[in-house]
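The values are calculated or read from the model by the stated rules, or taken from the named source; none is laboratory data. This one's a predicted model, so the numbers in the text were calculated from it and none came from an experiment. Neighbour counts run over all protein chains shown; Cβ positions are idealised from the backbone, glycine included. Side chains included, ligands, DNA and RNA excluded: accessible areas come from the protein's heavy atoms. Shrake-Rupley method; radii C 1.70, N 1.55, O 1.52, S 1.80 Å.
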Amino acid sequence: MTTWLQRRQVALYLGALVLGTLLGLGLPGLAAPAALVINPCLGLLLYVTFLGLPFAQIPRALQDWRFLLVVLAVNFVAVPLVVFALSRFIAHDQVLLVGVLFVLLTPCVDYVIVFTGLAGGARDRLLAAAPLLMVAQMVLLPVLLRIFVGAEFVAAVDLTPFLTAFVTLVVLPLVAAGLTQVAAARTRIATRWADLAGTAMVPLMALTLVVVVASQISAVRAQLGALLPVTGVYLAFAAVMVGVATVVARLTHLEPPAARAVVFSGVTRNSLVVLPLVLALPAVFSLAPLVVITQTLVELVVMVAMVRLVPVLVPSR
């Protein structure tokens, strides 16, 4: 079953995106309950993902300073430059600008690990880098927002939901997966549970895609005219960062799995984690959450395509 699911995962994910769109548009009443289960689905998905990681190799991954420096440079040197250039197209609208900046300046620390693994990337190294990426974006986001938007806006932002999301979506699933691995080494029941959880990764990813799209697609459609400009920005960002991250990985002579991880990290953003921050903004920024959600919808399609594209751009040999 696991082999069958893995071979058909891209088709299953595309089907999940279509199903989520049909459910969200055909049954708008599903949006609210679907939104409530996004974080539980994402937490389960990450638990299963972490469960498949060799935890014993993570300390060694933390010692790979070249990889860590490249990931940090791509996300906090290259990305801000690209975001500043692309955001000029919507700089006249502060609400759109704020939403775009929040989501594009924050690298993903959760499901990027899943997609990286699907493309044959070094997901254990990205897992080791996740705390550094999270701390760095919490520190640098106010600085970058101050530069791009202004000090008065930054004073109105509460970063507490940022930390809460990181603990619930990354730390807790990670600890649970580690405890499961310890138990699996000692008991047969835990071993069977770990095997079953491994089989569930593809269905859980498909379910997460369905839930996210179904919860947000109706609201996005209602504001489609206002959101079209940011859709172009998001597509351009993904295209540019695939090229930039690929070039940087080659120039730094990273081996293929690490190079693929850098590409995914450079493209994938922290939309589901920054959403609580954007929801907490003043009422005048009421459209900003949909700006962030639009990036999620665009990125899910991009990630499915990258599972096939990145191994071509960064071949194994």
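I'm told D110 meets every condition in (1) farther than 15 Å from M134 by Cα; (2) open to solvent by less than 10 Å² (accessible area, probe 1.4 Å) except one. Can you identify the failing condition by its number?
Unmet condition: (1).
Could you give every pair whose Cβ atoms fall below 9 Å, whose first residue belongs to region 161-184 and is free of Cβ contacts under 8 Å to residues at least 12 places away in the same chain, and whose second residue is part of a helix (DSSP H, G or I) and small (G, A, S), counting only separations of at least 6 or pairs across chains?
Sorted first by the residue in region 161-184, then by its partner, the pairs are V182/A190; A183/A190; A183/A194; A184/A190; A184/A194.
Does L101 count as crowded, with 16+ Cβ neighbours inside 10 Å and in contact (Cβ under 8 Å) with a residue 60 or more places away in the chain?
In short, no.
Hey, can you tell me all the residues within region 7-37 that are under 12 Å from A206 (Cα atoms), in a helix (DSSP H, G or I) and not small (G, A, S)?
Q9, V10, L12, Y13, L14, L17, V18, L19
Could you list, in sequence order, the residues of region 98-130 that are touching a Ser or Thr at 6+ places or on another chain (Cβ under 6 Å) and assigned to a helix (DSSP H, G or I)?
The answer is V100, V103, V112, I113, V114, R123, L126.
Could you check region 262-313 and list, in sequence order, the residues that are hydroxyl-bearing (S, T, Y) and buried (at least 23 other Cβ atoms within 10 Å of the Cβ)?
S265, T268, S271, T294
Could you tell me whether A73 is part of a loop (DSSP other than H, G, I, E, B), at pLDDT 90 or above and of a type in the set (G, A, S)?
No, not satisfied.
(1) of a type in the set (G, A, S); (2) at pLDDT below 80; (3) surrounded by fewer than 12 Cβ atoms within 10 Å (Cβ to Cβ): which one isn't true of A32, the others all being true?
(2)
Please specify each residue of region 244-257 satisfying the condition of being surrounded by 15 or more Cβ atoms within 10 Å (Cβ to Cβ) and within 25 Å of L105 (Cα to Cα).
Listed by number, the residues that qualify are V244, A245, T246, V248, A249, T252, L254, P257.
Of the residues that sit in region 75-96 and are among the aliphatic types (A, V, I, L, M) and in contact with a helix residue (DSSP H, G or I) (Cβ under 6 Å, 6 or more places away or on another chain), which one is surrounded by the most Cβ atoms within 10 Å (Cβ to Cβ)?
Only one residue tops the list, namely L96.
Quick check, is G121 at pLDDT 90 or above, surrounded by 17 or more Cβ atoms within 10 Å (Cβ to Cβ) and closer than 14 Å to V274 by Cβ?
no
Per-residue answers, yes or no, for (1) in contact with a Gly (Cβ under 8 Å, 6 or more places away or on another chain); (2) under 21 Å from A78 (Cα atoms):
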| residue | (1), (2) |
| --- | --- |
| L254 | no, yes |
| G266 | no, yes |
| V278 | yes, no |
| P282 | no, no |
| I293 | no, no |
| L300 | no, no |
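In region 188-232, which residue that is of a type in the set (D, E, K, R) and at pLDDT below 85 is surrounded by the fewest Cβ atoms within 10 Å (Cβ to Cβ)?
Selected residue: R188.
Being closer than 8 Å to V263 by Cα and surrounded by fewer than 22 Cβ atoms within 10 Å (Cβ to Cβ) is the filter here; which residues of region 233-243 pass it?
Selection gives V242 alone.
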